[in-house]
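Some notes on the structure that comes next.
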Amino acid sequence: MTYHVFVSNAGNPWFSHFLMDPDSGALGPMPDVPLEGTPGAVATSADGRRLFVSLRSLKRFASYTVDRASGALAPINSVSLPDGAPYLATDKTGRFLLAAYYGSGHVSVHAIGADGALVPEPHQWLATAPHAHSIQTDRTNCFAFVPHTLPTNAIYQFRFDARTGRLQANEPPCFRPATPEGPRHFVFHPHADVLYSVNEDNSTVTAHHLDPERGTLAAFETISALPPEGCPGNTTAEIAISPDGRFLYASNRGHDSLAVFAVGADRKLTLQGHTATEATPRFFALDPTGAFVLAVGQSSGRLATYRRDATTGTLTPLATYRVGASPLWITFVEKA
């Protein structure tokens, strides 16, 4: 199936727009999609018909209807925020939009109407700690997690009520690493109760057991995302796992690479190698089929594509494309 690919450009008030060929992974350039401000994080409804974007510089969220045939966006509404949000995610019901706020150290929940409109006032606005960097609910939609980079160095743990959309601090309220790692983003293993965090400040990935009854984390492995010789000044940024749970990927800013890990039967990681990327790979993503990886270079203003070998996890470079200034998010919407 063909996908619309939208790229948020933090330096321009528009999305770069492509159509992705499902067989070759080639991207066909489409006209840019204008927005009212510079875009950052994006979340979509499960059916791809609604799109929510953080206009971080304006301290607003905007909601759009997506024409899945053309990729055109029609504004629904926008809401003002006390701070700009670097991360958005919908809960598993699609009725609530969750966000983390790096600058102010908060998380929020906004209700989403049946028409895709965001309720203007936050359903919840909760203080956590400095450098809250991301938020997601688990597969059961009963728990939510919020990593914080240094100096906080913690993953906050919440219970989530999918009926009311309310977050409540879990017991304990946070998991604190034993060393100054700085957890930033995370993914859940698709078939096991395991959460993997990419740790910005010491360029590592940590595997955590997730207690499915209590919604709490316990780390069982931390592994470097760099080669043995290291890379002074490197920071990690994004993390993704293959649909079958056999391979995990993390981006290195400074080394400018994607680290490739094999996931063992015990859910521990083995570093397989590195694939060069565009400069400063702040964001990358697997396409919905898991056959391709797309990575943007924050410093280069380019997007690179790779074919992914499902057997070995290896990434083979395909092509690069010019996008906007300081790209930082990639969104896929299935074409109708």
Checklist line | Listed peptides 220-229, 243-252, 80-89 by packing density, highest first (mean Cβ within 10 Å) | finding: 243-252, 80-89, 220-229
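Arrange the peptides 202-214, 314-326 so that the one whose residues have, on average, the most other Cβ atoms within 10 Å appears first.
202-214, 314-326
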Notebook entry, point to check: For the chain, what is the relative contact order in percent, using Cα pairs closer than 8 Å and at least 6 residues apart in sequence?
Noted result: 13
Next item on the list: Decide, for the range 1-143, between rounded, prolate and oblate: order the square roots of the alpha carbon gyration tensor eigenvalues as a ≥ b ≥ c, take rounded if a/c falls under 1.5, and otherwise choose prolate if a/b is larger than b/c, else oblate.
Entry: prolate
Check: Kirkwood Rh over Cα pairs of the range 96-223 into Stokes-Einstein at 25 °C, 0.890 mPa s: D in µm²/s?
Finding: 166
Next item on the list: May I ask for the Rg/Rh ratio of the chain, computed from Cα atoms with Rh as the Kirkwood radius, given to two decimals?
Entry: 0.93
Check: Can you tell me the Rg and Dmax of the range 205-336, counting just the alpha carbons, in angstroms?
Finding: 15.2, 47
Checklist line | Inter-centroid distance (Cα atoms) of the range 212-246 relative to the range 60-122, Å | finding: 28
Check: log10 I(q)/I(0), Debye, Cα-only the range 1-64, no solvent, q = 0.12, 0.13 Å⁻¹?
Finding: -0.32, -0.37
Next item on the list: Mind ranking 303-313, 27-37, 176-186 by how tightly packed they are, going by the mean number of other C-beta atoms within 10 angstrom, highest first?
Entry: 176-186, 303-313, 27-37
Item checked: Net charge of Cβ neighbours under 11 Å - reference LEU318; Lys, Arg +1; Asp, Glu -1 -> +1
Margin query: Given an 8 Å cut-off on Cα distances and at least 6 residues of separation, report the relative contact order of the range 163-315 as a percent.
Written below: 14
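Values in this text are rule-based calculations from the coordinates and carry no lab data. Just so we're clear, the structure is a prediction, and the values are computed from it rather than from any experiment. Glycine gets a Cβ as well: all are built from the backbone with ideal geometry, and neighbour counts include every protein chain shown.
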